[in-house]
1. What share of the DSSP beta bridges in the protein assembly as shown is antiparallel, in percent to the nearest 5?
2. Run a plain Debye calculation on region A:236-369 (Cα atoms as equal point scatterers, no solvent) and give log10 I(q)/I(0) at q = 0.13 Å⁻¹, rounded to two decimals, same order as the q list.
3. Do the alpha carbons of any pairs in A:LYS3/A:LYS236; A:LYS213/B:LYS255; A:LYS34/B:LYS247; A:LYS138/A:LYS228; A:LYS71/B:LYS262 sit beyond 31 Å of each other, and which pairs?
4. Debye sum, Cα scatterers, the protein assembly as shown, no solvent: what log₁₀ I/I(0) at q = 0.05, 0.07, 0.11 1/Å?
5. Inter-copy label distances at B:ASN304, 7 Å along the Cα→beta-carbon direction, one decimal in nm, shortest first?
6. How long are the semi-axes of the equivalent ellipsoid of region A:116-245, taking √(5λ) for every eigenvalue λ of the Cα gyration tensor, in whole Å from largest down?
7. Tell me, what are the semi-axes, in whole angstrom and largest first, of the equivalent ellipsoid of region A:170-322 as set by the roots of 5 times the Cα gyration tensor eigenvalues?
8. With the contact rule set at Cα under 8 Å and sequence spacing of 6 or more, what percent relative contact order holds for region B:220-328?
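The values are calculated or read from the model by the stated rules, or taken from the named source; none is laboratory data. Here the structure is a predicted model, which means the values were calculated and not measured. Positions of Cβ are backbone-derived with ideal geometry, glycine not excepted, and every protein chain shown enters the neighbour counts. Keep in mind that these areas ignore ligands, DNA and RNA; they rest on the heavy atoms of the full protein, side chains included. Shrake-Rupley method; radii C 1.70, N 1.55, O 1.52, S 1.80 Å.
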2 protein chains.
Amino acid sequence: MNKVGIIGYGITPFTKEDQKIENVLLRSVKELFKTNPEINKNELDAVLVSTNNNSKYLSPILSELAGIQPKISHSIESLCNSGTNSIVSAYSYIASGLADMVMISGGERYDSPGQILQWDNSRGEYKHPIFWASIFAKSYKREYSISDGDLAFVSVKNHKQAKENPNAMSHKTYSVGDVLNSKKLTDDLRLLDCSRPCTGGASIILGSEEKVKQLSKCPVWITGIGQKTISAGFTKNISLSSMESTKLAGEAAMKMSQKEIKNIDVAEIHDAFSVCEPMALESLGFSNYGKGINMVKELHSTDNFKINPRGGLIGTGHPLGATGIAQTIEITQQLQSNAGNRQTDNPDVGLIHNMSAAATSSTVLVLEK
Amino acid sequence: MNKVGIIGYGITPFTKEDQKIENVLLRSVKELFKTNPEINKNELDAVLVSTNNNSKYLSPILSELAGIQPKISHSIESLCNSGTNSIVSAYSYIASGLADMVMISGGERYDSPGQILQWDNSRGEYKHPIFWASIFAKSYKREYSISDGDLAFVSVKNHKQAKENPNAMSHKTYSVGDVLNSKKLTDDLRLLDCSRPCTGGASIILGSEEKVKQLSKCPVWITGIGQKTISAGFTKNISLSSMESTKLAGEAAMKMSQKEIKNIDVAEIHDAFSVCEPMALESLGFSNYGKGINMVKELHSTDNFKINPRGGLIGTGHPLGATGIAQTIEITQQLQSNAGNRQTDNPDVGLIHNMSAAATSSTVLVLEK
């Protein structure tokens, strides 16, 4: 299999702006080419668009707007992990030899149709993701004797870290009390426990070994890939306080990269809701079951940005189709020691965890410099 | 690059039925497993859904309904060539070694949102595909002195061939007079010049060399792939009487397969409208420019099913996301000498041409037994 790495990236601020999806995508592509003038658009073999937007033919539209005539062009959708699905697809085009350079552009509007889970009749009328997150929170707290105040540390930490991310939707910081006093949305979740929909775009170019060595001053390689889909319906999950698809995807990514979880220096974790961060940390093996929140608290108290340095989904905002790309850009910046005030201590190996719909499906990527 | 071939397929009748998209997809998957009981669902590494439907997360939904837990799962959209985009994506997963077996399920409802071209402001209010097809027809007829009666042979031939396809939406045959007397929709196109939207599904499983040899009694291999996107907007086309993206995709597919167009024994051509068939035949090199309609007439007069044996889009119906898969299934059946009354004379090499939006993008595949 050919080696695949990252050549360049561009990202927009995450906002509540009412922009057309084409403009959201184009804006991050323009940013990419502005910061990577050495990339020749004529050498892009594929343009993949990652989005939940209902507009059709977005890749040819974006390509035309950006002055690209790719061979391969289409949109990819898998709700919240559309971004990493697109990255794995791009990886396979390059690893197979069908392409040398692939651009992926992820984008979403704040009113994305992917935020309402229409298909799962087992949920009855409870179609908003907060309802599965509430069931997770109730089950997780009960099983491991975790309090609302414990879970609040996820939001406190990630908002603190987002303060150092110029593209985050908000730069406010919050105390545990602020989280607990924020608007109660369900029995188990408050407003500040939740990531917020937003408008945002993130684009990245992957390339073959030859292209990466030619075009990147500081190569970062994708060395591990794991993906797993358990079901579409939440009620098919085996456990309500762990993430089976995340566990299996993590194991596969570790195996492919020949790393162990203790080798991971920095990670992006899909904290769609506060409870997701400790659950994912546990299912990935960063901590024992029931102890993920202790890890969160310790990282917070030592100002260690190891987990979700850009502020996670809670701190940064969650433009569905862009999130997996933005996570991958963050880990790339970390490995390139280019993450500003968010920089962790000289990391060599990073991990991305991106999931959809109550972890019914997950992607885990391992990146190395 | 690992060799990639076809393991099995399933297809539904194309109809005007008002079915849920999930059921359309599931129906062809059930057909696939009914006719290929030796395929182990647990060995499917990926499930890709090809559709223009606005429903999200369809691959995990289909997987759950079908009892599959894939690693890779997402939807792929590129209007009318979503199907072959998905096939090329599946090819790359297998050729790269990331997957050994990939199922692609294409499906569409008769009221697909992909039938209205919302994005192209250069069209003004003319958002239905018939308007670009009319401009093509006017330009093509003028440039090569072709009459409406000449173009009508495409519809006559393809309806005749669709009569032998049990899954075609209609089994009626028509004379040139019938076509010319059918309802005039624009100055240059009549009802019987057009493919019709319909509800239909088509699923196919691709596999690695090892899996194909193990599971297929009559292996068919994908030996050539070509794709090209020129633009999204019709007015960016260089010529209005030829198809630049088809020409480039065809050349790339021929080069990869080390074949010439004269080696092609049977082909599926994207006849969304009658004028598209001779234009595509010319752009692919099957005939000289302006002479494609002569080829159509000769094939018709000799009852030669070489081009669009299943009846093309005009004869069979056009469920957007399923069309490219259905075309690939037809060529597979032809190469396996399993095409019933549509069977061409012992073909060794087949071609699939699938395009979107006035040939602003095209895919060409070469298949060999």
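1. Percent antiparallel among DSSP bridges in the protein assembly as shown is about 70.
2. -0.48
3. Over 31 Å Cα-Cα: A:LYS3/A:LYS236; A:LYS34/B:LYS247.
4. The Debye formula, applied to the Cα set alone, gives -0.24, -0.46, -1.07.
5. 7.4
6. Computed over region A:116-245, the values are 33, 23, 15 Å.
7. Output for region A:170-322: semi-axes of 28, 21, 17 Å.
8. It comes to 24 percent, rounded to a whole number.
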